[in-house]
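Data first, discussion second: the structure below is written as structure tokens.
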There are 2 protein chains.
Amino acid sequence: MRLTTLLVSGVTLMAASFGPAAYAQPGGRQAALMPLPAAMTTGTGQLLVDGGFTVALAGPADPHLEVAAHILIQRLGAKTGQFLAGAPVAGVKATLTLTVTGVSATVPAPREDESYTLKVTPTGASITAATSIGINRGIATFAQLVANGPQGWAVPVVTIHDQPRFPWRGLLLDVSRHFMPVATVERTIDLMQAVKLNVLHWHLADNQGFRVESKVFPKLHQLGSDGDFYTQDQVRAVIRYAADRGIRVVPEFDMPGHTTAWLVGYPELASQPGPFAIERHWGVFDPALDPTREETYQFLDRLVGEMTSLFPDPYFHIGGDEVNGEQWKATPAVQAYMTAHGLKDTAALQALFTTRVQAIVAAHGKHAIGWDEIMDGDMPKDVAVQSWRDAESLKKAALAGHAGILSAPYYLDLNWPAGRHYAADPMPDNLPAGLESLILGGEACAWSERLSPENLDIRLWPRAAVVAEKLWSPRAMTGDGAAMYARLDAVARDLASAGSRHESAGAAMLARVAGPAGVDALLPLAQAVQPLQDYRRSALRPDAVQSTPLNRLVDAVPAESGQARAFGLAVEHFLANPKDVQARAAVWRPLMVWAQGDTLLGPHVAATPLLAELAGPSAKLARLADAGMAAAEALHTGKPMVDRAGREKAVADAADAGAELEFAILPAVARLVKVAP
Amino acid sequence: MRLTTLLVSGVTLMAASFGPAAYAQPGGRQAALMPLPAAMTTGTGQLLVDGGFTVALAGPADPHLEVAAHILIQRLGAKTGQFLAGAPVAGVKATLTLTVTGVSATVPAPREDESYTLKVTPTGASITAATSIGINRGIATFAQLVANGPQGWAVPVVTIHDQPRFPWRGLLLDVSRHFMPVATVERTIDLMQAVKLNVLHWHLADNQGFRVESKVFPKLHQLGSDGDFYTQDQVRAVIRYAADRGIRVVPEFDMPGHTTAWLVGYPELASQPGPFAIERHWGVFDPALDPTREETYQFLDRLVGEMTSLFPDPYFHIGGDEVNGEQWKATPAVQAYMTAHGLKDTAALQALFTTRVQAIVAAHGKHAIGWDEIMDGDMPKDVAVQSWRDAESLKKAALAGHAGILSAPYYLDLNWPAGRHYAADPMPDNLPAGLESLILGGEACAWSERLSPENLDIRLWPRAAVVAEKLWSPRAMTGDGAAMYARLDAVARDLASAGSRHESAGAAMLARVAGPAGVDALLPLAQAVQPLQDYRRSALRPDAVQSTPLNRLVDAVPAESGQARAFGLAVEHFLANPKDVQARAAVWRPLMVWAQGDTLLGPHVAATPLLAELAGPSAKLARLADAGMAAAEALHTGKPMVDRAGREKAVADAADAGAELEFAILPAVARLVKVAP
């Protein structure tokens, strides 16, 4: 294995690499670290990871440490395809020794010492940490470092001293809009561990489903979940599974809005009379708990009591977002209450509700956490805020003494480019000194209106790794989006070996869409498009409901087209070197594939509805790619582009791709056409 | 959806199809049935399977029936990507009604009524059967019939009356050589259900591992399994899981040979003194139970008692194969016993052992079944034989009144072409009339010396479906190998949607092998090769052990190259039409890809050991493909081939591809070169 030293944002970084273009080769397979470690020095040589690889444990006995060793062995076996001994060995002859100085608690706490030191020499490796939690972070690094070289699988000689920038690095998993089975949740936890995320924010209840068994109020899950809920035994198993990986589980019971599914079984909680049905549409809805009746708080006290017993984390998420107040405005008794208590609007009424609920949560020994709106209440300082707004909202909370986490720029379901997530920092600008420690970190969010168990990984991975790096690595190391992208392909492959189905599910879903046309006919289009970003899919399909199939091309393709990104770089290079034959070819080759795709797909579009909606996008792509080829030819030869008006129309038409897609190659082609003579 | 009527082996068969080449289009995605049903008449129109699809149950309540409905709904959801209601509905308005006249037993019996009638009209469908077992077979057919057409997912109008040709249609899963986790076993059961296999033959103990918990003799699994064993709770769960799918579970405890793993914990069972260690190599070994000591039978009586309580099936497999007798010959006490009892050789001694063990099995209320060798014992007529030899062996057993099942031609781990399995019939030639019912069926076998949980599906699927068809469909329908192949691609896709990882695992393993070269560079070689057939891999690598990695190209590629098969057909067509430009192009195109593959892969072969061993095969493929192109050109132009000697040498050199591979395209290229002018 050749060792390459790279300078990333001023930090000397070494990576196991296989070619001159390590960290810069799209589709490359070199090992890559994400998140980048805080400090790393490299040496010469490597430690082989062959069939004789063994792990030893040192320090006080801790079941979590044994599990960590087992996880690493499983992970390395899956990555390398070797059969590794399944249990830690005693003694000092092991390939890797995991050493702790203390025993970890049953579940991780919010500010654990996650630091670790990883040392690799040609004869052995060691990871040392305060507890199994730091070891968990170290084994994630170790697993990423393993790469295949001329002598086989190996880890380069290296010394890493690492610790996180932020203590709260979460992933919000919405299981209400679409239920995610336990196996899917556990796979998600595996992948979180691989990129050092440490909080599973389990969004368990919303208008479209109440997903956890309540023994106290069983109609919550019985009538509010279509039978798709977690039993309390399953919840406990998931919490154990996460704890073994150094990951906290924070449950969210969003209230007083987002509660339609609660009201199916308990309509008396609403201010308007029922009956209520599970909400099937997406959006913000009127039903809300009635904040004016004592019975509401009695119910919540018992429910919070039950759920705080089930979930050991000190934080309990009460939601609090997006209450439109319509039901309260339409209820005379609520209006009378507001008048009697001098509440000027429904926001003030919600603030009162939040204050009451926070008191209930506190009485059960927990810190409340909620979305921005809960700061409207009269909140004690131990309450934390999660912002769907922006870092400024966190700053405001911090100035009032509240800790906060940022989510606004990390919604993975909105199909932003990874670089856009990466550019956002949780630390508010101009935060007064001394308040930094109140910025706990952030959370990537997987809202599941358009995520199913089938395509979840396509939306989450590898892009959650980008957020994970933003939250773990020193700020100075996370400023370079290009360097991040250069590692992302290798990280994607590593995550696939850790269980992510983003590749396999994508392939299977494309095969389903392609149907009789065959995948080869669909690939040119599939690689040129991306799903619409932000909420534009919702705007186009306000009729979409929970059961609307997520089996279309838009559901199968990644948020960001790697081919389009590579094409964009090729166009940039070509524009700087328009006479260069190689540079022209690098632009020309993919354009030819895209220009010809419709001749393969076109004959099949009538075969199925999944294909029929692609007739337009496929034809538009052909014209767009034609325009790009004409422009490239004009730039290369210096002769004027033929049919400029037609080319410009092709570019303009491509702005609306159709089928809830957008052409990822559009900006680069538009640029070619614009600057062509 | 267009309906195409095909004549398959004299039976009118309809398939949902999407083009003129239905059932004959490699890579096509049309629905296809495998096994073919016994009788099928088609109509006009179709029944949509959209998001409103529902299932109703009729007849006596049966939990197995409810599970069957649930399985179908899950299966259709996975296949179509639609969200289907998760529970059977009451009343007659459902899309599909499942009707039984009786309740199935807790676990299936050996000769259940598996027949069913499936009727599909444009407004609804019904499956009727005696019990949930026939329903299980019917839902497998229904799921295969679902295909995507112009109006969306639908089932064609059809009436099917179906029943199996043989009652015993098994799959032997060897979990001793390489352990297969419970999830893998359950996935295998899912896929067996999808192709109507009905017996999981669980090969639980062999030299390399004793894989089931014994509470009576715990050192069996504690010392004989490396910790990789099934708890009795897990065994019961697997049996339930299989029973829900109408599948029996027959355990095998192979004895008196193949028992090294038993002897690690209980060396006193052997005729030679221990200590013994788990066998790590593959092959036939000396250790065997001592048949001359009463203690051996006392041990077996207790073990068989425990295991017959755990496994409810009336059959109990005692193995009995491949005893080399070496330990017995080397043991004076055994020799003295043989002399005293007039046993002329170790086969006679084994016959005595088998007779004793059969009596023990019978005393515990079970029928013994074993491999061919057990017929050497003095066996009562209720004992059945499983043949690793041939159908003639079954005939001999049948003439002596014994039932039998055939496995010899169905070893899926030997990497034979599917057509070779398909050509073998379990029914012996010239079996005297009246004995046919003694031929119970057969079993596909997955011996796991070179199967891991990772590549299991690559070896099993879709090829086990071919054996399943041989065992289910009327003999007259299973004579046409070409027609079988024409359906196999669609069946492969259907099985992938049912959970098979043959595609996804293959892709991930190829990516690992390709490493820094990238998959695109590896594909030309990967698609031109197959693993060596029969036991030739073992012959080349006698040093292979249980921990030898199964991560090489040979482990990742399917047993049979679809590209090579298509190429063979193209060559056949070209040889009949050598002047035809299209025919030449169809041969030329893939040859060009194979000829150029080495220019992509060659530069990377030094990067890793997984690639290094491919340097030779890759270079040989380039020369072989070159020779094919030269021969095709000569045939097309009529001009003599340039460098005949060199071309012939390229063909000769390709006979030994290297890396335990063979060139799947070799026969077709050799033919081109041979007949070229």
Only unsatisfied item for residue B:322, checking (1) among the charged types (D, E, K, R); (2) at pLDDT 95 or above; (3) open to solvent by 30 Å² or more (accessible area, probe 1.4 Å), is (2)
Does residue A:559 count as under 25 Å from residue A:464 (Cβ atoms), among the aliphatic types (A, V, I, L, M) and in contact with a Lys or Arg (Cβ under 7 Å, 6 or more places away or on another chain)?
yes
Taking region B:616-634 and keeping only residues that are small (Gly, Ala, Ser), within 13 Å of residue B:651 (Cβ to Cβ) and crowded, with 24+ Cβ neighbours inside 10 Å, one is left with B:625, B:627, B:628, B:631
Does residue B:656 satisfy the condition of being more than 23 Å from residue B:559 (Cβ to Cβ), out of contact with any Gly (no Cβ under 7 Å at 6 or more places or on another chain) and at pLDDT 95 or above?
no
When the residues of region A:660-677 are filtered to those that are within 23 Å of the chain's Cα centre (by Cα) and in a loop (DSSP other than H, G, I, E, B), which remaining residue is farthest from residue A:573 (Cα to Cα)?
A:660
Filter pass, residue B:276 being assigned to a loop (DSSP other than H, G, I, E, B), within 24 Å of residue B:178 (Cα to Cα), among the aromatic types (Phe, Trp, Tyr) and open to solvent by less than 40 Å² (accessible area, probe 1.4 Å):
yes
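State which residue is farthest from residue A:510 (Cα to Cα) when the search covers only region A:592-624 and only residues that are small (Gly, Ala, Ser) and either outside any helix (DSSP H, G or I) or in contact with a Pro (Cβ under 8 Å, 6 or more places away or on another chain) (or both).
Start the filter on region A:592-624 by keeping residues that are small (Gly, Ala, Ser), which leaves A:595, A:597, A:602, A:606-607, A:612, A:615-616, A:618-619, A:622.
Narrowing further to those that are either outside any helix (DSSP H, G or I) or in contact with a Pro (Cβ under 8 Å, 6 or more places away or on another chain) (or both): A:597, A:606-607, A:612.
Details: A:597: 15, A:606: 17, A:607: 15, A:612: 14 Å.
Once the filter is applied, the top-ranked residue is A:606.
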Looking only at residues in region B:547-557 that are open to solvent by less than 20 Å² (accessible area, probe 1.4 Å) and assigned to a loop (DSSP other than H, G, I, E, B), which one is farthest from the other protein chains (Cβ to nearest Cβ)?
B:557
Note down all Cβ pairs under 7 Å where the first residue falls in region B:385-402 and is open to solvent by 40 Å² or more (accessible area, probe 1.4 Å), the second is among the polar types (S, T, N, Q), and they're at least six residues apart or on different chains.
B:388/B:407
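Determine which member of the set A:120, A:212, A:157 is more than 14 Å from every other protein chain (Cβ to nearest Cβ), surrounded by fewer than 23 Cβ atoms within 10 Å (Cβ to Cβ) and over 18 Å from the mean Cα position of the chain (by Cα). Please lay out each step first, then the result.
Numbers: A:120 fails: surrounded by fewer than 23 Cβ atoms within 10 Å (Cβ to Cβ); A:212 fails: surrounded by fewer than 23 Cβ atoms within 10 Å (Cβ to Cβ).
Being more than 14 Å from every other protein chain (Cβ to nearest Cβ), surrounded by fewer than 23 Cβ atoms within 10 Å (Cβ to Cβ) and over 18 Å from the mean Cα position of the chain (by Cα) holds for just one of A:120, A:212, A:157, which is A:157.
Based on what the data block shows, is residue A:314 at pLDDT 95 or above and within 22 Å of the chain's Cα centre (by Cα)?
For residue A:314, the condition - at pLDDT 95 or above and within 22 Å of the chain's Cα centre (by Cα) - is not met.
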Please state which of the following conditions residue A:304 fails to meet, knowing it meets all the rest: (1) out of contact with any Pro (no Cβ under 8 Å at 6 or more places or on another chain); (2) in a loop (DSSP other than H, G, I, E, B); (3) of a type in the set (A, V, I, L, M, F, W, C).
(2)
Name, by its number, the condition in (1) of a type in the set (Ser, Thr, Tyr); (2) open to solvent by less than 30 Å² (accessible area, probe 1.4 Å); (3) more than 33 Å from the chain's Cα centre (by Cα) that does not hold for residue B:308.
(3)
For residue B:320, state whether it is closer than 27 Å to residue B:214 by Cβ and touching a His at 6+ places or on another chain (Cβ under 6 Å).
no
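Residues are listed down the side, and each one gets a yes or a no for (1) open to solvent by less than 30 Å² (accessible area, probe 1.4 Å); (2) assigned to a loop (DSSP other than H, G, I, E, B); (3) more than 25 Å from residue A:414 (Cβ to Cβ); (4) not assigned by TED's automatic domain parsing to the domain that holds residue A:655:
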{"position": "A:520", "(1), (2), (3), (4)": "no, no, yes, no"}
{"position": "A:559", "(1), (2), (3), (4)": "yes, yes, no, no"}
{"position": "A:568", "(1), (2), (3), (4)": "yes, no, no, no"}
{"position": "A:578", "(1), (2), (3), (4)": "no, yes, yes, no"}
Filtering region A:57-110 down to residues that are under 21 Å from residue B:228 (Cβ atoms) and in contact with a Pro (Cβ under 6 Å, 6 or more places away or on another chain) yields A:57, A:69, A:81, A:82
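Checking the structure you have, find out if any residue of region A:130-148 is small (Gly, Ala, Ser), more than 27 Å from residue A:80 (Cα to Cα) and open to solvent by 10 Å² or more (accessible area, probe 1.4 Å).
First pass over region A:130-148, keeping only residues small (Gly, Ala, Ser): A:130, A:132, A:134, A:138, A:140, A:143, A:147.
Now narrow it down to the ones that are more than 27 Å from residue A:80 (Cα to Cα): A:130.
Going one step further and asking which of them are open to solvent by 10 Å² or more (accessible area, probe 1.4 Å), we end up with A:130.
The answer is yes, given that some residue of region A:130-148 is small (Gly, Ala, Ser), more than 27 Å from residue A:80 (Cα to Cα) and open to solvent by 10 Å² or more (accessible area, probe 1.4 Å).
Any idea which of B:280, B:302, B:293 is under 14 Å from residue B:362 (Cα atoms) and basic (Lys, Arg)? Reasoning before the result, please.
On the way: B:280 fails: under 14 Å from residue B:362 (Cα atoms); B:293 fails: under 14 Å from residue B:362 (Cα atoms).
Unique residue meeting the criteria: B:302.
Check A:564, A:544, A:539, A:583 and return the single one that is closer than 28 Å to residue A:455 by Cα, away from every other protein chain (no Cβ under 14 Å) and open to solvent by less than 20 Å² (accessible area, probe 1.4 Å).
Working: A:544 fails: away from every other protein chain (no Cβ under 14 Å); A:539 fails: open to solvent by less than 20 Å² (accessible area, probe 1.4 Å); A:583 fails: closer than 28 Å to residue A:455 by Cα.
It is A:564.
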Checking residue A:75 against (1) more than 14 Å from chain B (Cβ to nearest Cβ); (2) within 30 Å of residue B:551 (Cβ to Cβ); (3) crowded, with 21+ Cβ neighbours inside 10 Å, which single condition isn't satisfied?
(1)
Restricting to region A:78-115, count the residues that are within 14 Å of chain B (Cβ to nearest Cβ), within 31 Å of the chain's Cα centre (by Cα) and not hydrophobic (A, V, I, L, M, F, W, C).
5
Restricting to region B:463-493, and then to whatever is in contact with a Ser or Thr (Cβ under 9 Å, 6 or more places away or on another chain) and either of a type in the set (D, E, K, R) or within 14 Å of chain A (Cβ to nearest Cβ) (or both), can you tell me which residue is most open to solvent (accessible area, probe 1.4 Å)?
B:480
Can you confirm whether residue A:591 is in contact (Cβ under 8 Å) with a residue 12 or more places away in the chain, more than 23 Å from the chain's Cα centre (by Cα) and either open to solvent by less than 10 Å² (accessible area, probe 1.4 Å) or within 21 Å of residue A:486 (Cβ to Cβ) (or both)?
yes
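Please find, within region A:635-659, the residue that is farthest from residue A:417 (Cα to Cα) out of those that are assigned to a loop (DSSP other than H, G, I, E, B) and open to solvent by less than 30 Å² (accessible area, probe 1.4 Å).
Taking region A:635-659 as the starting set, the residues that turn out to be assigned to a loop (DSSP other than H, G, I, E, B) are A:638-643, A:654-657, A:659.
Restricting the remaining residues to those that are open to solvent by less than 30 Å² (accessible area, probe 1.4 Å) gives A:641, A:654, A:657, A:659.
On the way: A:641: 32, A:654: 19, A:657: 18, A:659: 19 Å.
Here the residue is A:641.
The values are calculated or read from the model by the stated rules, or taken from the named source; none is laboratory data. The structure presented is a predicted model; accordingly, all values stated were derived computationally and were not measured. Positions of Cβ are generated from backbone atoms using ideal geometry, with glycine treated the same way; all protein chains shown enter the neighbour counts. What goes into the accessible areas is simple: the full protein's heavy atoms, side chains included, and nothing from ligands, DNA or RNA. Shrake-Rupley method; radii C 1.70, N 1.55, O 1.52, S 1.80 Å.
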